[in-house]
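Here is the structure we will look at, set down as structure tokens.
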Ligand code: C5P
């Protein structure tokens, strides 16, 4: 079993568009304890679920709970990761069951976390040596957040996301995630930021930490996010920001008790509120965990 942690962006500065079409970025991410889980079993694919052929081996993908079933498609980053791992070792027939808790298109890096976990889990399942550095280029090819999450903890990110430096991990502090039903597409948020031009107006209510350049673009595409930010602040979170391309709203508190109080007060403004802690890893292999049934 492999756990995949979501990330929050703590400061995200966006520069110009690069020749490859991506934006130069500089910022930090911290992985936190809202997790997806992958169960990977080799031997045979599960014919009852979506199956693809990877270098001659059948690989099935089941996504649960039911709300997330639509993610079981060929483009899922888990299957793209499988195709990448197949460049390192002969794949075996494999069944993958992905249990999702991280919301989709929320700015929390859920798909990237799943991809990072699939890289590690499939390397172990298919007998690839996990030498340091081996997965890095595969991770970068799968998406800008995959390598930072693979590294896990508190990570400084630059370039388009491919330059990463571990700076340890937050150990204290609690995160309250305000999750709405809205979803935002990352490319659209970056495009909206370009349309806003330099120095977008951030509003007249200064907050303690407001350093996510994508926040104004996310608010322009999904104005309800502003209500979520206000609700999280009014609920008592001393630090509030939008994570990455949003629309997830993050409140930071000093203690679990404070986080739970903020979560309870802010719950009416979101479809789901989650209290999470920083974790020093992005992918956690749990060998010996009960096999998929
Ligand atoms: O790398 P990833 O596929 O996650 O990025 C999704 C989209 O977000 C890119 O296609 C691009 O439009 C935008 N993006 C960007 N600059 C980055 C990261 C992402 O413009 N550094």
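Can you spot a residue in region 120-128 that is within 13 Å of the ligand (Cβ to nearest atom), touching a helix residue (DSSP H, G or I) at 6+ places or on another chain (Cβ under 7 Å) and over 21 Å from residue 241 (Cα atoms)?
No, region 120-128 has no match at all.
For residue 147, which of the numbered conditions (1) within 30 Å of residue 43 (Cα to Cα); (2) touching a residue at least 40 places away in the same chain (Cβ under 8 Å); (3) within 16 Å of the ligand (Cβ to nearest atom) fails to hold?
Status for residue 147: all satisfied but (2).
So, in region 264-286, exactly how many residues are free of Cβ contacts under 8 Å to residues at least 40 places away in the same chain and assigned to a loop (DSSP other than H, G, I, E, B)?
Counting residues in region 264-286 that are free of Cβ contacts under 8 Å to residues at least 40 places away in the same chain and assigned to a loop (DSSP other than H, G, I, E, B) gives 0.
Go over the candidates 115, 105, 90 one by one and state the one that is within 15 Å of the chain's Cα centre (by Cα) and farther than 13 Å from residue 5 by Cα.
Residue meeting the stated conditions: 105.
For region 112-139, how many residues meet the condition of being under 19 Å from residue 74 (Cα atoms) and surrounded by fewer than 24 Cβ atoms within 10 Å (Cβ to Cβ)? Break it down stepwise before answering.
Taking region 112-139 and keeping what is under 19 Å from residue 74 (Cα atoms), we get 112-119, 121-122, 138-139.
Those still in the list that are surrounded by fewer than 24 Cβ atoms within 10 Å (Cβ to Cβ) too: 138.
Number satisfying all stated conditions: 1.
When only residues in region 1-18 that are within 15 Å of the ligand (Cβ to nearest atom) and at pLDDT below 95 count, which is surrounded by the fewest Cβ atoms within 10 Å (Cβ to Cβ)?
Residue satisfying both the conditions and the ranking: 16.
Criterion first (free of Cβ contacts under 8 Å to residues at least 40 places away in the same chain, crowded, with 19+ Cβ neighbours inside 10 Å and in contact with a helix residue (DSSP H, G or I) (Cβ under 9 Å, 6 or more places away or on another chain)) does residue 164 satisfy it?
Considered against the rule, which asks whether it is free of Cβ contacts under 8 Å to residues at least 40 places away in the same chain, crowded, with 19+ Cβ neighbours inside 10 Å and in contact with a helix residue (DSSP H, G or I) (Cβ under 9 Å, 6 or more places away or on another chain), residue 164 comes out as yes.
Condition check: under 30 Å from residue 92 (Cβ atoms), surrounded by 15 or more Cβ atoms within 10 Å (Cβ to Cβ) and more than 16 Å from the ligand (Cβ to nearest atom). Does residue 40 satisfy that?
yes
Quick one: in region 244-263, which of the residues that are in a helix (DSSP H, G or I) and touching a residue at least 24 places away in the same chain (Cβ under 8 Å) is surrounded by the fewest Cβ atoms within 10 Å (Cβ to Cβ)? Step through it out loud before you land on a result.
Filtering region 244-263 down to residues in a helix (DSSP H, G or I) leaves 256-263.
Of the ones still in play, those that are also touching a residue at least 24 places away in the same chain (Cβ under 8 Å) are 256, 258-259, 261-263.
Numbers: 256: 11, 258: 18, 259: 24, 261: 16, 262: 27, 263: 22.
The selected residue is 256.
Inspect all residues belonging to region 45-53 and state whether any of them is within 29 Å of residue 213 (Cβ to Cβ), touching a residue at least 24 places away in the same chain (Cβ under 8 Å) and crowded, with 18+ Cβ neighbours inside 10 Å.
Scanning region 45-53, I find no residue that is within 29 Å of residue 213 (Cβ to Cβ), touching a residue at least 24 places away in the same chain (Cβ under 8 Å) and crowded, with 18+ Cβ neighbours inside 10 Å, so the answer is no.
The values are calculated or read from the model by the stated rules, or taken from the named source; none is laboratory data. Owing to the predicted nature of the structure, the values given are computational and were not obtained by experimental measurement. When we count neighbours, we look across all protein chains shown, and the Cβ atoms used for this are built from the backbone with ideal geometry, even at glycine.
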